[in-house]
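See structure below.
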Amino acid sequence: MAQRYWNEKIEKMELAEMRKLQSERLVAQVKHVWDNVPYYRKKMEEKGVTPDDIKSIDDLHKLPFLSKADLRDSYPYGMLAAPLSDCVRIQSTSGTTGKRVVSFYTQHDVDLWEDCVARAITAAGGTKEDVVQVAYGYGLFTGGAGLHGGSHKVGCLTLPMSSGNTERQIQFMMDLKATILCCTPSYAAYIGETLQEMGYKPEDIPLKAGIFGAEPWTQAMREQIEATLGIKAYDIYGLTETSGPGVAFECEEQSGMHINEDHFIAEIIDPDTGEVLPEGSKGELVFTSITKEAFPLLRYRTRDICILSRGKCSCGRTLVKMTKPMGRSDDMLIIKGVNVFPSQIEEVLIKDFKAAPNYQIVVDRVGTTDTFEIKVEISDDMFSDTIKDISTLEKKIGTDIQQILGIRAKISLVEPKSIPRSEGKAVRVIDKRKLV
Ligand code: ADP
Ligand code: ZN
């Protein structure tokens, strides 16, 4: 299939030209924020920076960072850079890691966001001939609104399903011959599992592609979803603070997501020191919105950990690529004094199961001691294995976890379907310690 682009000029722009465009936009954006956002102006003044100091993208590092704490401090209007009467929409974070953040959009901001999503849909092979089933939640969450708008822009027939009601999803998918499914990867896996139980084979399913994001997912999970649905599964990334999904998107090479650099300048920093790291380093992703009017965040710390690379991509796009963020810096749990990332546990499970199982991490405290349990769901085939086989597997996982993390976890293999399925972002960690 010939590669299609939504905006070929931008998506294939030479680096020098892109840097020039970014510089012009950055200079204008810094002035806009200085003039309209007293909160950020104060931060700049504290750092001794004025708009005159920002002459090109090379001066970006001089600007102060913004964090989620700043957005909470300035809630709701403190970061607004356009008159409220020019705003046409708000969206809000899903609150995965705390109090929700509210972001504002002018019509221009909605248009540029939808344009970014249109690039993602086109990169996944979408055209106006496609039927796009949007099974991300609609409402304040950016998933539904973003993919919906992008799908309209491309001219696809859009099915505004929202998440949940899986039987109806499947009925519409079949009756209306949906060709592209958009939802969280955990919900895609659940839809796939349900279709399989209903007796559908991948070749019976009209879908050809899926655009899945809003939460971390592994390569093993991708392969599983692709096999059950008979599709190519593309990753899409974004966050409410920068507009929503579509900040970065995967192409047919499926090896990292191209960042829409004409709208967002990406940097990787050391999360502890704030130092900007060279290309290829693993660190925290920081975004500067250079085209948004209402909510233009400068140097916003996403807390997502990934790597940027400018290696040549077979799709022809020159936009920088980010690796899948496999967890946030604040996903980290401290259990018995040890730092634990859920993604480390997932890696062990994928290795021991040779697939991506459903699992849940339960942390609690008895007296002054932390308890740490990993519940892992076994498949129907394994369920019929002997107790001995099951306890051997439990022991193996236990040993592997201890080797990786240095602490012991109670491993409980649980019955098929006993861990609740997610229709939105999966809940992998239940930390009961926070409840007291
Ligand atoms: P919340 O922080 O409440 O979850 P959002 O709904 O705006 O708010 O979610 C944005 C976050 O979701 C990102 O910062 C990132 O951690 C995660 N995310 C989004 N897309 C992806 C993706 N494709 N892969 C991994 N994580 C993702
Ligand atoms: Zn590419």
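The values are calculated or read from the model by the stated rules, or taken from the named source; none is laboratory data. Computed from a predicted model, the values in this text were never measured in an experiment. In this analysis, Cβ positions are derived from the backbone assuming ideal geometry, glycine residues included, and neighbour counts consider all displayed protein chains. Note: accessible area is taken over every heavy atom of the protein model, side chains too, but ligands, DNA and RNA are not part of it. Shrake-Rupley method; radii C 1.70, N 1.55, O 1.52, S 1.80 Å.
Odds and ends about this structure:
- Members of region 306-353 found to be over 14 Å from the mean Cα position of the chain (by Cα), closer than 22 Å to residue 253 by Cβ and without any contact (Cβ under 8 Å) to a residue 40 or more places away in the chain, listed by number: 307, 311, 312
- Qualifying residue in region 195-203 (condition: open to solvent by 20 Å² or more (accessible area, probe 1.4 Å) and in contact with a strand residue (DSSP E or B) (Cβ under 8 Å, 6 or more places away or on another chain)): no
- Per the listing 88, 102, the residue uniquely away from ligand 1 (no atom under 16 Å from the Cβ), open to solvent by 10 Å² or more (accessible area, probe 1.4 Å) and assigned by TED's automatic domain parsing to the domain that holds residue 241 is 88.
- Within region 262-291, tally of residues that are assigned to a strand (DSSP E or B), open to solvent by 20 Å² or more (accessible area, probe 1.4 Å) and touching a His at 6+ places or on another chain (Cβ under 9 Å): 1
- Residue in region 410-419 that is in a helix (DSSP H, G or I), surrounded by 16 or more Cβ atoms within 10 Å (Cβ to Cβ), outside the structural domain of residue 136 (by TED's automatic domain parsing) and in contact with a strand residue (DSSP E or B) (Cβ under 9 Å, 6 or more places away or on another chain) present: no
- Residue in region 258-265 that is more than 16 Å from ligand 2 (Cβ to nearest atom) and under 14 Å from the mean Cα position of the chain (by Cα) present: no
- Residue selected from region 309-341 under the condition open to solvent by 20 Å² or more (accessible area, probe 1.4 Å) and touching a Gly at 6+ places or on another chain (Cβ under 8 Å), by the criterion nearest to residue 26 (Cα to Cα): 309
Condition check ((1) in a strand (DSSP E or B); (2) within 16 Å of ligand 2 (Cβ to nearest atom); (3) assigned by TED's automatic domain parsing to the domain that holds residue 347; (4) of a type in the set (Asp, Glu)) across all residues:
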{"site": "167", "(1), (2), (3), (4)": "no, no, no, yes"}
{"site": "170", "(1), (2), (3), (4)": "no, no, no, no"}
{"site": "177", "(1), (2), (3), (4)": "no, no, no, no"}
{"site": "210", "(1), (2), (3), (4)": "yes, no, no, no"}
{"site": "223", "(1), (2), (3), (4)": "no, no, no, yes"}
{"site": "226", "(1), (2), (3), (4)": "no, no, no, yes"}
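- Number of the condition not met by residue 387 [criteria: (1) without any contact (Cβ under 8 Å) to a residue 12 or more places away in the chain; (2) touching a helix residue (DSSP H, G or I) at 6+ places or on another chain (Cβ under 8 Å)]: (2)
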